[in-house]
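The structure under discussion appears below in the form of C-alpha cells.
Each reported figure results from applying straightforward, stated rules to the coordinates on display, with no laboratory input. Small disclaimer: the values here were computed from a predicted structure and weren't measured. Virtual Cβ from ideal backbone geometry, glycine too; neighbours counted across all protein chains shown.
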Amino acid sequence: MTISENLISVLLDPSARTDERDDAAMDLSRHDSEAVESALALIACDQKVPETVRASCGESLAEIWIRRGQVNHQVLAALSGASKNEALARLRGN
C-alpha cells in the first residue's frame, strides 16, 4: 500500500479515532490523485462524520486545488458547513 492509500484507509474508517481521521485528512493535502480527492470529498460531505474531520477535508481539498491551479466546482458546490467554510477560506487566502 502507498502512503496515500494508507491515509485514505484511515480517513474512511469509521472505527478510527477522530484525531487519527483528522490527521489523515490533513496529510492527504500533500497527495494529488483522483482517489485522494474522491475520499476527501466523500468524507467532507458526510454529515455523520465529526465536524473537525469534515473541516480538515475541505481545507485539504482547497490546498490540492490551489496546487493544481484548478478548483473542482462540482465538489465545492457539494460541500456544506465547516468543510465548505474551510475550503472557501483557504481559496480566498491564496
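Do you know which of the residues in the stretch 13-45 that are under 19 Å from N72 (Cβ atoms) and more than 9 Å from the chain's Cα centre (by Cα) is surrounded by the fewest Cβ atoms within 10 Å (Cβ to Cβ)?
The selected residue is E34.
To keep it simple, each residue is scored yes or no on (1) surrounded by 15 or more Cβ atoms within 10 Å (Cβ to Cβ); (2) farther than 15 Å from V36 by Cα; (3) more than 14 Å from the chain's Cα centre (by Cα).
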| position | (1), (2), (3) |
| --- | --- |
| A55 | yes, yes, no |
| E59 | yes, no, no |
| V75 | yes, no, no |
| G81 | no, yes, no |
| E86 | yes, yes, no |
| R90 | yes, yes, no |
| N94 | no, yes, yes |
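Are there any pairs with C-beta distances below 7 angstrom linking a residue in the stretch 59-74 that is part of a loop (DSSP other than H, G, I, E, B) to a residue that is of a type in the set (D, E) and surrounded by 15 or more Cβ atoms within 10 Å (Cβ to Cβ), with the two at least 6 apart or on different chains, and if so which?
As it stands, the answer is N72/E37, since those pairs meet every condition given.
Could you pull out every one of the helices (runs of 4 or more DSSP H) wholly within the stretch 1-47 that has 1 or more residues that are of a type in the set (A, V, I, L, M, F, W, C) and in contact with an Asp or Glu (Cβ under 6 Å, 6 or more places away or on another chain)? So that I can check it myself, show each step before the final result.
Details: elements: 3-12, 18-27, 34-44.
Answer list for the stretch 1-47: 3-12.
Against the conditions (1) more than 19 Å from G93 (Cβ to Cβ); (2) without any contact (Cβ under 8 Å) to a residue 24 or more places away in the chain, where does R21 fall short? Just the number, please.
R21 satisfies all of (1) more than 19 Å from G93 (Cβ to Cβ); (2) without any contact (Cβ under 8 Å) to a residue 24 or more places away in the chain except (2).
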